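A.B. asks: Structure below; questions to follow.
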């Protein structure tokens, strides 16, 4: 098979974690196939990123640098990936299933008239044939997908699933600029600014630890309990659809079939009964803790550890215990 | 202003998934079909724009078997003006690019100023068709939109990203994929439901769209499902009752010592 191409997303000259995961998976697949890993970087300031990418195992690095590439413009980025794909002629193109990756991958796949598997959780290649596992029905079922011969296979990788290589064999790391013929028409739709959500430090879809609140929060003010536990653990705040629909917290935080699908190391569900809708969004979490007054709540069937009790009593105690643990 | 909304009929989000004996498809016999929830935001936004401008046409388009006409009818009851139902046995098992190809063939001749779709269709969870449609229509796009304003030169949109949102500007025509938060979709009124019965739904097959059957459906699919399986069953967990203080202490200890996650 031809080589592996990874598009690595950077924002403000920082590679984002899901992209480190994508580069690592690219390295693993390239090693198995005995082919080269090429990493594509796009932006206005890429200084220092090539050495970081080399350390993760890139053999070749394509740098698309242009003053107009400070903020995301879908068609310009599409042209960059298209040009890189036509240059490197990869058999496999990977990127993170992030807000940018999802948007970009779909446009590139349509441009290249090739197959794209979204939000993948495992990739295997045998005798040159790629098969990919990906959750469907928000994780209620797992599909294995295969690809028509001919064009490169494209995949976006679900964050927090593919481990970042801890001791990668450094790649050859030959960095070279890639000339892309940008014109004004490639900047028709373009980001003009980014507004960060107030107080939010981590996105639920990317966090290692997620603490979620549901109907039992009874109002927006009680999400301070969820936040205190999330803060103690260094995690992100999530919510059920009931809590979001009631207007207690922004939709950004919703976990479930019509919200975000998350796979953190630890998921703590507080006052969430566990409707199918919600379970679909978090069932692939590695360890699940449920706190609920109702011993019959369906969430307990999925929990590794459960506490039957009042969350307003349990959470402050849990925060104390965690602080003690972290101090000790 | 001409506005096209691409919609999809999908299984209700509370559906229990059962896999058929073929091991690669879902048993559809007990499924309740609904309009994809994200498409409702798309339809609502289209209707709001038409109402605010006091002129225009909202056309809803879908690809699907005979049952999908119900989804179009629901959108017409919300207030869309007419429907286009793209249906052909050759469309079955289309992948995302196939669906976008069918939709593009139908939408291109309409000459839309704005094209809406949901940010993804629940079930297949691909998040691809709306953006692919933009590429095939050679239009710019903004995906996962939570706020939209038409401006003198085009539009300005909020696009949801990790930990915040981007402000995106684009000229028209443009493809927008709708995210929850964009608006509150209206319920169809009784009057709307009655009126919808008289609104036209045009049916088009591959030949009417000028599509080569090898481009779409199973034959044209670049991505195919080879296997579908249920996730592995979960081992029963340890549930602590009665003394909350003890329970909390024990769970924190287990998270630290046994699960090693904190």
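A.B. asks: Consider the range B:222-252. How many of its residues are facing chain A (nearest Cβ under 7 Å) and outside any helix (DSSP H, G or I)? It would help to see each step written out before you state the result.
C.D. replies: Let us first name the residues in the range B:222-252 that are facing chain A (nearest Cβ under 7 Å), namely B:222-231, B:234, B:237-241, B:244-245, B:247-249, B:251-252.
With outside any helix (DSSP H, G or I) added as a condition, the list becomes B:222-231, B:234, B:237-241.
Here the count works out to 16.
A.B. asks: Mind checking which residues of the range B:13-24 are surrounded by 15 or more Cβ atoms within 10 Å (Cβ to Cβ) and in a loop (DSSP other than H, G, I, E, B)?
C.D. replies: Residues of the range B:13-24 surrounded by 15 or more Cβ atoms within 10 Å (Cβ to Cβ): B:13, B:15, B:17, B:19, B:24.
Scanning the range B:13-24 gives B:13, B:15, B:17, B:24.
A.B. asks: Here's something else I'd like to know. Kindly establish whether residue B:225 is under 42 Å from the mean Cα position of the chain (by Cα), touching a residue at least 40 places away in the same chain (Cβ under 8 Å) and not assigned by TED's automatic domain parsing to the domain that holds residue B:22. I'd like the intermediate steps shown before the answer.
C.D. replies: Numbers: under 42 Å from the mean Cα position of the chain (by Cα): yes; touching a residue at least 40 places away in the same chain (Cβ under 8 Å): yes; not assigned by TED's automatic domain parsing to the domain that holds residue B:22: yes.
In short, yes.
A.B. asks: Then there's this: Condition first: farther than 22 Å from residue A:233 by Cα and either more than 7 Å from chain B (Cβ to nearest Cβ) or surrounded by fewer than 24 Cβ atoms within 10 Å (Cβ to Cβ) (or both). Can you find one or more residues in the range A:301-316 that meet it?
C.D. replies: First, pick out the residues of the range A:301-316 that are farther than 22 Å from residue A:233 by Cα: A:301.
Then drop every residue that is not either more than 7 Å from chain B (Cβ to nearest Cβ) or surrounded by fewer than 24 Cβ atoms within 10 Å (Cβ to Cβ) (or both), which leaves A:301.
Scanning the range A:301-316, I find at least one residue that is farther than 22 Å from residue A:233 by Cα and either more than 7 Å from chain B (Cβ to nearest Cβ) or surrounded by fewer than 24 Cβ atoms within 10 Å (Cβ to Cβ) (or both), so the answer is yes.
A.B. asks: Kindly establish whether residue A:153 is over 30 Å from residue A:177 (Cβ atoms) and either at the interface with chain B (Cβ under 7 Å from one of its Cβ atoms) or buried (at least 21 other Cβ atoms within 10 Å of the Cβ) (or both). Talk me through it step by step, then tell me what you get.
C.D. replies: On the way: over 30 Å from residue A:177 (Cβ atoms): no; either at the interface with chain B (Cβ under 7 Å from one of its Cβ atoms) or buried (at least 21 other Cβ atoms within 10 Å of the Cβ) (or both): yes.
Considered against the rule, which asks whether it is over 30 Å from residue A:177 (Cβ atoms) and either at the interface with chain B (Cβ under 7 Å from one of its Cβ atoms) or buried (at least 21 other Cβ atoms within 10 Å of the Cβ) (or both), residue A:153 comes out as no.
A.B. asks: Same structure again: Mind checking whether some residue in the range A:160-179 is more than 23 Å from residue A:53 (Cα to Cα) and outside any strand (DSSP E or B)? Please lay out each step first, then the result.
C.D. replies: Restricting attention to the range A:160-179, the residues satisfying the condition of being more than 23 Å from residue A:53 (Cα to Cα) are none.
No.
A.B. asks: Restricted to the range A:214-230, and to residues that are touching a strand residue (DSSP E or B) at 6+ places or on another chain (Cβ under 9 Å) and without any contact (Cβ under 8 Å) to a residue 60 or more places away in the chain, which residue is nearest to the other protein chains (Cβ to nearest Cβ)?
C.D. replies: Among them, the one singled out is A:230.
A.B. asks: Please go through the range A:156-189 and pick out each residue that is closer than 21 Å to residue A:35 by Cβ and within 10 Å of chain B (Cβ to nearest Cβ).
C.D. replies: A:156
A.B. asks: Another question, then. I'm told residue B:162 meets every condition in (1) modelled with pLDDT of 95 or more; (2) surrounded by 14 or more Cβ atoms within 10 Å (Cβ to Cβ) except one. Can you identify the failing condition by its number?
C.D. replies: For residue B:162, the failing item is (1).
A.B. asks: Please enumerate the residues belonging to the range A:191-201 that are facing chain B (nearest Cβ under 7 Å) and either touching a helix residue (DSSP H, G or I) at 6+ places or on another chain (Cβ under 8 Å) or over 22 Å from residue A:75 (Cα atoms) (or both). Write out each step before concluding.
C.D. replies: Our first condition is that a residue be facing chain B (nearest Cβ under 7 Å); within the range A:191-201, this holds for A:191-197, A:200.
Once the filter is applied, which keeps residues that are facing chain B (nearest Cβ under 7 Å) and either touching a helix residue (DSSP H, G or I) at 6+ places or on another chain (Cβ under 8 Å) or over 22 Å from residue A:75 (Cα atoms) (or both), the range A:191-201 yields A:196, A:197, A:200.
Per-residue answers, yes or no, for (1) touching a strand residue (DSSP E or B) at 6+ places or on another chain (Cβ under 7 Å); (2) in contact (Cβ under 8 Å) with a residue 60 or more places away in the chain; (3) surrounded by fewer than 24 Cβ atoms within 10 Å (Cβ to Cβ):
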site: A:2; (1), (2), (3): no, yes, yes
site: A:29; (1), (2), (3): yes, yes, yes
site: A:34; (1), (2), (3): no, no, yes
site: A:46; (1), (2), (3): yes, no, yes
site: A:50; (1), (2), (3): yes, yes, yes
site: A:53; (1), (2), (3): yes, yes, no
site: A:57; (1), (2), (3): yes, yes, yes
site: A:61; (1), (2), (3): yes, yes, no
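A.B. asks: Sort through B:168, B:223 and tell me the only one that's farther than 30 Å from residue B:51 by Cβ and surrounded by 15 or more Cβ atoms within 10 Å (Cβ to Cβ).
C.D. replies: Values: B:168 fails: farther than 30 Å from residue B:51 by Cβ.
None of the other options fit; the residue is B:223.
A.B. asks: Taking the criterion of being touching a residue at least 40 places away in the same chain (Cβ under 8 Å), away from chain A (no Cβ under 13 Å) and within 18 Å of the chain's Cα centre (by Cα), would at least one residue in the range B:155-174 satisfy it?
C.D. replies: no
A.B. asks: Test of understanding: among A:297, A:243, A:239, which residue is more than 10 Å from chain B (Cβ to nearest Cβ) and out of contact with any helix residue (DSSP H, G or I) (no Cβ under 8 Å at 6 or more places or on another chain)? If you could, list the steps in order and put the result at the bottom.
C.D. replies: Values: A:243 fails: out of contact with any helix residue (DSSP H, G or I) (no Cβ under 8 Å at 6 or more places or on another chain); A:239 fails: out of contact with any helix residue (DSSP H, G or I) (no Cβ under 8 Å at 6 or more places or on another chain).
Of the residues listed, the single one that is more than 10 Å from chain B (Cβ to nearest Cβ) and out of contact with any helix residue (DSSP H, G or I) (no Cβ under 8 Å at 6 or more places or on another chain) is A:297.
A.B. asks: Take the range A:90-142 and flag every residue that is within 7 Å of chain B (Cβ to nearest Cβ), within 15 Å of residue B:95 (Cβ to Cβ), surrounded by 23 or more Cβ atoms within 10 Å (Cβ to Cβ) and more than 13 Å from the chain's Cα centre (by Cα).
C.D. replies: Within the range A:90-142, A:106, A:109, A:110, A:115, A:116, A:117 meet the criteria.
A.B. asks: Scan B:112, B:68 and give me the residue that is modelled with pLDDT of 95 or more and more than 30 Å from residue A:78 (Cα to Cα). Steps first, answer last, please.
C.D. replies: Working: B:112 fails: more than 30 Å from residue A:78 (Cα to Cα).
Being modelled with pLDDT of 95 or more and more than 30 Å from residue A:78 (Cα to Cα) holds for just one of B:112, B:68, which is B:68.
A.B. asks: Out of all the residues in the range A:77-89, which are surrounded by fewer than 23 Cβ atoms within 10 Å (Cβ to Cβ) and in contact with a strand residue (DSSP E or B) (Cβ under 8 Å, 6 or more places away or on another chain)?
C.D. replies: Of everything in the range A:77-89, those that are surrounded by fewer than 23 Cβ atoms within 10 Å (Cβ to Cβ) and in contact with a strand residue (DSSP E or B) (Cβ under 8 Å, 6 or more places away or on another chain) turn out to be A:83, A:85, A:87, A:88.
A.B. asks: Okay, next question. Out of all the residues in the range A:261-281, which are facing chain B (nearest Cβ under 10 Å), within 22 Å of residue B:39 (Cα to Cα) and crowded, with 23+ Cβ neighbours inside 10 Å?
C.D. replies: Result: A:280, single match.
The values are calculated or read from the model by the stated rules, or taken from the named source; none is laboratory data. Quick caveat: nothing in here was measured; it's all calculated off a predicted structure. Here Cβ is always computed from backbone atoms with ideal geometry, including for glycine, and neighbour counts include all displayed protein chains.
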